[in-house]
Amino acid sequence: MSDSIPPDHSLPLNHFLNLPRPDIVVGAGDGIVDTTTLAAHDFDVDTRTGFMPPDPPISRLPEEWEPWEATLEKALSMKLQLAVKLGLTEHEIAQSCSWRTDVRNNLPMLSTKALTTSELLLRRAHHVLTYIMHSYIHTLPLDAEIRIPASISIPLLEVSAHLQLPPVATYSDTVLYNWDLKSPSEETVPPALDNLRSQELFTGSNDEQEFYLASSRIEIKGVEALELMRATMDEMFVGDEIAVRRITGYLHKLAAVVDELKSILLDVRKGCEPEFFYHSIRPWFRGEDSDPLKRKWAFEGLEEHPEIAQPTDLSGPSAGQSALIHALDIFLGLDNCSAGEEGALSEDQRTLLRRMQIYMPRHHRNFLRHLSANPRPVRSLVMQGDPKLVESYNDAVRAVKVFRDAHFRIVTIYIIGPASRERQARREEEEAGLAENRPPLKGTGGTHLAHFLKGVRDKTAEAMVTS
């Protein structure tokens with residue numbers, strides 16, 4: 001399988017944005033910018049599948065790294081149980097302990113050098129190693145130190161450095177590079193939304209799969225939004241009255257696409273039960289900052305590798321790490337309203353949005369930076385006051401605001417609600433004297449996330465333009 005996106009399907013993003021390449025200067029005589037199409041690997045965005053790869057990611061590493069694959073496969077087949085699970089049996093505790101002991105004592109230290117020749121191999125390695133690490137960490141007794149064996153930590157840190165990703169499970173591990181086709185014989189590009197399945201699941205449950213696939217379907221459907229953005233950019237380059245009319249139509253269509261994305265998001269409720277998600281799925285991909293006992297993650301072996309930096313970004317996967325919604329914000333100018341202008345984000349909100357980009361594939365971060373550098377932003381054209389253009393722009397902004405309403409509803413249903421019920425149950429247990437052997441309940445139960453989402457949603461609503 002080729003490591004690059006087929007060139008005839010890669011988005012001509014420099015033409016898309018009408019921006020010069022950094023290494024190309026404006027011609028001295030005519031002032032015309034060379035908008036040569038950038039190579040596909042610069043952005044890794046496909047015209048048919050967007051930020052998802054056009055083909056299913058590889059599902060197994062070559063034989064040289066089979067010990068990693070076998071270790072993950074064993075963990076998933078044993079159906080290891082979370083340490084935070086109530087009523088863990090002695091058998092379940094022993095199973096987890098046996099698997100971790102095998103990892104610590106018998107998993108060999110494998111070289112990552114040959115992986116660096118292939119982006120596809122690096123992605124798979126990051127996926128496998130982070131899933132092993134999360135399985136190791138989240139089956140540890142709650143009173144145990146979190147010490148990640150060097151046979152996991154060192155190769156993961158090396159792979160992460162090459163990918164420029166944190167050494168923790170990310171949205172790309174659970175969604176972008178964790179899918180396959182249910183029926184390969186029915187393969188289409190883009191794949192049909194009902195022909196997707198996940199490759200690996202911590203729980204093996206349909207609930208977990210549907211949670212990930214909701215995002216996969218949004219990514220695939222979001223290609224239509226990217227195409228409308230591209231078409232709008234082309235018309236912005238022309239800038240005449242006909243172009244303004246066309247842009248008006250594109251923005252109305254964009255609003256309709258975002259509304260479809262909202263419906264796909266809300267459909268997650270049909271396949272993923274909230275209490276099961278909160279108690280049995282979500283804890284598997286928690287990062288260091290979500291540990292109920294605030295334990296630090298120690299990556300063993302670093303003292304022998306001074307060239308490897310100590311990890312600092314260890315949050316788990318989040319839909320906020322999708323480049324699609326960030327691209328919509330940038331395109332519509334919602335991320336960059338001037339200070340004091342209606343819709344302007346606070347510095348804390350901007351910082352958190354930027355932090356989410358740390359967890360994105362580097363190609364997608366490059367895409368967002370390139371999009372941000374557009375010298376002809378749509379919002380500036382809208383601010384000139386054409387009534388129909390203002391109406392269509394506000395239609396698109398309103399759709400993004402409604403999408404954020406839906407996202408807030410999902411966070412409420414799947415995190416805030418179950419967390420509140422858990423706290424209430426804990427209080428009742430304590431009052432009845434039944435919680436002596438339970439670890440203290442810590443964490444915010446999604447309240448910080450809710451506050452952030454509310455703030456960004458409200459700023460989105462304020463960003464509409466008055467004609």
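The values are calculated or read from the model by the stated rules, or taken from the named source; none is laboratory data. Keep in mind that what you see is a predicted model, and the values were worked out from it rather than measured. Here Cβ is always computed from backbone atoms with ideal geometry, including for glycine, and neighbour counts include all displayed protein chains. Protein only, heavy atoms only, side chains kept; ligands, DNA and RNA dropped before computing areas. Shrake-Rupley method; radii C 1.70, N 1.55, O 1.52, S 1.80 Å.
Here region 225-339 is treated with +1 on each Lys and Arg Cβ and -1 on each Asp and Glu Cβ, and its dipole about the Cα centre works out to around 500 debye. Spread over its residues, the convex hull of the C-alpha atoms of region 55-110 is 105 Å³ per residue. Rounded to 0.05, the FRET efficiency of the residue 421 and residue 376 pair, given R0 = 60 Å and the Cβ-Cβ distance, is 0.75. Working note: Karplus 6.51/-1.76/1.60 with θ = phi - 60° gives region 108-113 the couplings x, 7, 9, 6, 9, 4 Hz, where Gly and Pro are set to x. Could you tell me what percent of the accessible area of region 63-463 is made up of carbon and sulfur, with a 1.4 Å probe and every protein chain present? Within region 63-463, the accessible surface is 52 percent carbon and sulfur. Prolate is the label for region 63-463. Its Cα gyration tensor axes, ordered a ≥ b ≥ c, give a/c of at least 1.5 and a/b above b/c. In this structure region 274-316 gives 49 Å² per residue of accessible area when probed at 1.4 Å with all protein chains present. In terms of distances greater than 18 angstrom between alpha carbons, the cross-link table entries 253/388; 74/296; 262/454; 221/262; 388/459 yield 74/296; 388/459.
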